[in-house]
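The values are calculated or read from the model by the stated rules, or taken from the named source; none is laboratory data. Just so you know, these numbers come straight off a predicted model, no measurement behind them. Don't worry about glycine lacking a Cβ; one is built from the backbone with ideal geometry, like all the others, and counts go over all protein chains shown.
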Amino acid sequence: MMDIVGKRKLWFTISILMIVPGVLALMLWGLKPGIDFTGGQEMEVTGSLNQSEVAEIVSSTGVKDVTVTTSGSDRLLIRYSDEGVGESQEVHKRVVEVLAQNQIQETAFNSVGPSISKDITRNAGIAIALASLAIIIYIAFAFRNTPPPVSPWSFGITAIIAVLHDALLVIGLFAILGHFFGVEIDALFVTAVLTVIGFSVHDTIVVYDRIRENLRRYNKPFEQIVNDSILETFARSLNTSITVVLVLLAFYLFGGNSIKYFVLALLVGILSGTYSSIFNASPLLVVYNNWKIKRSAKEDSKSKSKSKK
């Protein structure tokens, strides 16, 4: 029988090695925000020129932070910042005229102002924080009748630690991609992170529920019960994740550039969530329980020494 819990130090080490590069990138370079967070303009155009040619044409008008991606088979998505180069309407008109001179026609336009982008940034942070808090409270409530030795709150807290592992991996990856490849984050990125959090917690709860059932059924050491529960749910967790990953791979390969990085964030996050729910979340329960036993033993020894005095 595979001893997953007994090798928890190995799994924790692998997790640290996975997230450290991204965390360092996040600290050094941060994320590259798109117009959803900084404010700017977004145009969808159609024509015969390629991405680099269109980017050069738009940049010649004086706008900043120009990015051009594909949007479907015959359309391009142009994003740029007009900060410090004039009124938005005038800049947009100038860009449209220059594109028209090169047989590029605008098919859609979207403008995001600075005040809206600040609201999006603030709301994104609030959404992630509230989601994490709600998950802790919900899991603690759902597991309130769990037999000893674990407390309901330990389920919620360890689940969030595992979720933070997944979120940090995704965010760190995009910090690296933003620095080296200019990949920007937008509102879809926040959606992807929240989706990853939800999927990871769902996978973790499946294992936790089996732990609770086995605590009621068997009188075994807690570490053995956790390990047995992981093995019993291992195939289910793996099969569920594989089906989702196969769908995401199809979207990533054939879905077009407009959703490419959104799908990439989901793909990495779900793979990480599968790993963390099996190799991090449940072993963390054992770590917490062992720490609680050691702390109780120290308190007992201190109380006995005081009573002797």
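In the set (1) touching a Leu at 6+ places or on another chain (Cβ under 8 Å); (2) more than 30 Å from residue 3 (Cα to Cα), residue 251 fails one condition alone, (1). The residue that is modelled with the lowest pLDDT, among those in region 91-139 that are assigned to a helix (DSSP H, G or I), among the hydroxyl-bearing types (Ser, Thr, Tyr) and surrounded by 12 or more Cβ atoms within 10 Å (Cβ to Cβ), is 117.
Taking the criterion of being touching a residue at least 24 places away in the same chain (Cβ under 8 Å) and either under 21 Å from the mean Cα position of the chain (by Cα) or surrounded by fewer than 16 Cβ atoms within 10 Å (Cβ to Cβ) (or both), the residues of region 199-216 that qualify are 199, 200, 201, 203, 204, 205, 206, 207, 216. Name the single residue that is surrounded by the fewest Cβ atoms within 10 Å (Cβ to Cβ) among those in region 6-23 being more than 18 Å from the chain's Cα centre (by Cα) and more than 15 Å from residue 275 (Cβ to Cβ). By that ranking, first place goes to 9.
Do we find that residue 142 is buried (at least 17 other Cβ atoms within 10 Å of the Cβ), farther than 13 Å from residue 194 by Cα, hydrophobic (A, V, I, L, M, F, W, C) and touching a Phe, Trp or Tyr at 6+ places or on another chain (Cβ under 9 Å) in this structure? Against the criterion (buried (at least 17 other Cβ atoms within 10 Å of the Cβ), farther than 13 Å from residue 194 by Cα, hydrophobic (A, V, I, L, M, F, W, C) and touching a Phe, Trp or Tyr at 6+ places or on another chain (Cβ under 9 Å)), residue 142 does not qualify.
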